[in-house]
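Remarks on the structure that follows.
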Ligand code: WT7
């Protein structure tokens, strides 16, 4: 297997420079786990009252860390930077219409404080939940940080969701206030958010207040409980005292992505979150003071919370926020943004890389991308075809591609190469961060299995671990702490299968729920999809199983094609030959359907669950409003029923 070494010029300036340093940290943490975390905490955050105790495991798995010390997230993100960085650009915001606004830390502080004062005026107090249903604009970031300044709990709901989905989320956390905008712009179309909010709260008895940010002068309907941000904010002061909070207090709530079953609110506590986000941004992204960092995730997902907002700000960095869809109207928008703002660190999902590849292979040549130094990916493994294209076309074989594995529940990177240190292999997330104890285990906690798919576990509690689920302790234990035990003690199970390679690298294969069982053999959909994607005619694909009389499960395949093809049967045989060569003779596609696009979450994850329902002729009852393209479901259903 070919290893790609990080270029030497990165090592010279990196925070972590060598594998020796990695191993040393790992050893120190193995020997003195709790104290080492305590040291990191004291050294890396600005506490009002510094921590003295580390982990409290009395009520495991409801672990607590560093209880009763005082901290505030907005203070850490903004005030801590004011002394040295007041005039530094904190946020570069680019709207869909190309308008660019650059916000310094000082300006950010003023805007956040004003917004926080306004929230107080609207009777928002400590512990109140505030739902945000906002476009990706600067005011969203002000509102998020304003909540944390006064310790209201922010719950961001993606504005593409339907009024029903919004209603459910408002009710389930009893939000007292909804912050929204009159309009959102996406793919050059305008969407009236205020109407959706009105519909969502129509039947809620507690009648949450609505704070509306007006983006233009088009009239909107104003109700009794509505407040207009633009007018009220003018009266607010730029000074707002911070609320001092205990480190285990709740920072925000976030629904899990919902790509695997019913979504749930995941709780995030203050200290653990801030520390790990700050450190992973510093170490895994190797964030330096001169960097311009662009994470393409929407801020409604954990990736956006963590690495578009909190991570860069905690490190005094500069973060790029783009309002629209990066590949709209076409792939050039991505390259244009990188060139214009001299982005040097770029974090995105493999699906975006695949789209860039599909839309126009040679396009990067037309742009000056010399600022770019490192590409990171997340969400799913980056398949070798996309990896190679980026490496050769964009990087000209000079820069690393860093595959980061983590989850909403872990709040930050867990398994990822250190960019200046760890040699990489396409599709391999490599090693756990040196502070994290991760391993591939069987159900009894044995870890002797090299080169076998087994269960990826985090074997020791870590400060940024999920602080349980909102009002559902039983589900918390069942979901994460009941499958794998070491010495009878439950450990955190990630729901991912992974393989430990000979050099101890960890290769994430797929989630437990993305496995196809063919005649008793467990085969990951991602593995099959990667092989199929290599076919010239295929742009994207997804495989699901459907019941076969003999084997019980049979693989069925949905594809998005990049070349016009007429001969479906020929393509099918071609692919089956490819599969036979690359996986196993028994892995055979029994049929295929050519479609316009795959159903994906807004963050790019394929919703296989829905495709599975279609092949089983099941009625889709789950909420599909979380999809990027909900209409595609109807189209696929129709095509499937007509053609199969
Ligand atoms: C699941 C978590 C990751 C933050 C946002 C998504 C899959 C994530 C990788 C990767 C292979 C990956 C896993 C994980 N995943 N990163 N680099 N390689 N798989 O958070 O919605 O909680 O999803 O995404 O299956 O469990 P999420």
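Of the candidates 32, 43, the single residue that is over 28 Å from residue 400 (Cβ atoms) and modelled with pLDDT of 90 or more is 32. Residue 62 satisfies every condition listed in (1) in a loop (DSSP other than H, G, I, E, B); (2) at pLDDT 95 or above except (2). Scanning the range 319-337 for residues that are free of Cβ contacts under 8 Å to residues at least 40 places away in the same chain and either touching a helix residue (DSSP H, G or I) at 6+ places or on another chain (Cβ under 8 Å) or surrounded by 24 or more Cβ atoms within 10 Å (Cβ to Cβ) (or both) turns up 326, 327, 330, 331, 332, 334, 335.
Candidates are the residues of the range 423-434 that are buried (at least 22 other Cβ atoms within 10 Å of the Cβ) and in a loop (DSSP other than H, G, I, E, B); the one that is farthest from the ligand (Cβ to nearest atom) is 433. Among the residues of the range 501-522, those that are within 16 Å of the ligand (Cβ to nearest atom) and at pLDDT below 90 comprise 509, 510, 511, 512, 513, 514, 515, 516, 522. Report whether or not residue 317 is in contact with a strand residue (DSSP E or B) (Cβ under 6 Å, 6 or more places away or on another chain) and within 30 Å of residue 148 (Cα to Cα). So residue 317 fits the description; yes. Scanning the range 151-168 for residues that are buried (at least 23 other Cβ atoms within 10 Å of the Cβ), touching a residue at least 60 places away in the same chain (Cβ under 8 Å) and part of a helix (DSSP H, G or I) yields a count of 0.
Against the list (1) within 17 Å of residue 289 (Cα to Cα); (2) free of Cβ contacts under 8 Å to residues at least 24 places away in the same chain; (3) not assigned by TED's automatic domain parsing to the domain that holds residue 153, the condition residue 16 fails is (2). Can you say whether residue 445 is farther than 19 Å from residue 2 by Cα, crowded, with 23+ Cβ neighbours inside 10 Å and at pLDDT 85 or above, as far as the supplied structure shows? So residue 445 does not fit the description; no. Output yes when any residue across the range 297-318 is in a strand (DSSP E or B) and either surrounded by fewer than 24 Cβ atoms within 10 Å (Cβ to Cβ) or assigned by TED's automatic domain parsing to the domain that holds residue 166 (or both), and no when none is. Checking the range 297-318: at least one residue is in a strand (DSSP E or B) and either surrounded by fewer than 24 Cβ atoms within 10 Å (Cβ to Cβ) or assigned by TED's automatic domain parsing to the domain that holds residue 166 (or both). Every condition in (1) at pLDDT 70 or above; (2) crowded, with 19+ Cβ neighbours inside 10 Å; (3) within 30 Å of residue 164 (Cα to Cα) holds for residue 603 except the one numbered (1).
Scanning the range 539-547 for any residue that is modelled with pLDDT of 85 or more, outside the structural domain of residue 604 (by TED's automatic domain parsing), within 16 Å of the ligand (Cβ to nearest atom) and surrounded by 18 or more Cβ atoms within 10 Å (Cβ to Cβ) turns up nothing. For the range 123-138, the tally of residues that are surrounded by 17 or more Cβ atoms within 10 Å (Cβ to Cβ) and over 26 Å from the mean Cα position of the chain (by Cα) stands at 1. Against the conditions (1) assigned by TED's automatic domain parsing to the domain that holds residue 115; (2) away from the ligand (no atom under 12 Å from the Cβ); (3) surrounded by fewer than 23 Cβ atoms within 10 Å (Cβ to Cβ), residue 266 satisfies every one except (2). Residues that are crowded, with 17+ Cβ neighbours inside 10 Å and assigned to a loop (DSSP other than H, G, I, E, B) were ranked within the range 477-500; the one that is farthest from the ligand (Cβ to nearest atom) is 481. If we scan the range 614-621, do we find a residue that is modelled with pLDDT of 85 or more and more than 29 Å from residue 326 (Cβ to Cβ)? Scanning the range 614-621, I find no residue that is modelled with pLDDT of 85 or more and more than 29 Å from residue 326 (Cβ to Cβ), so the answer is no.
The values are calculated or read from the model by the stated rules, or taken from the named source; none is laboratory data. In this text the structure is predicted, and so the values were computed from the model without any measurement. Backbone-built Cβ (ideal geometry, glycine too); neighbour counts: all protein chains shown.
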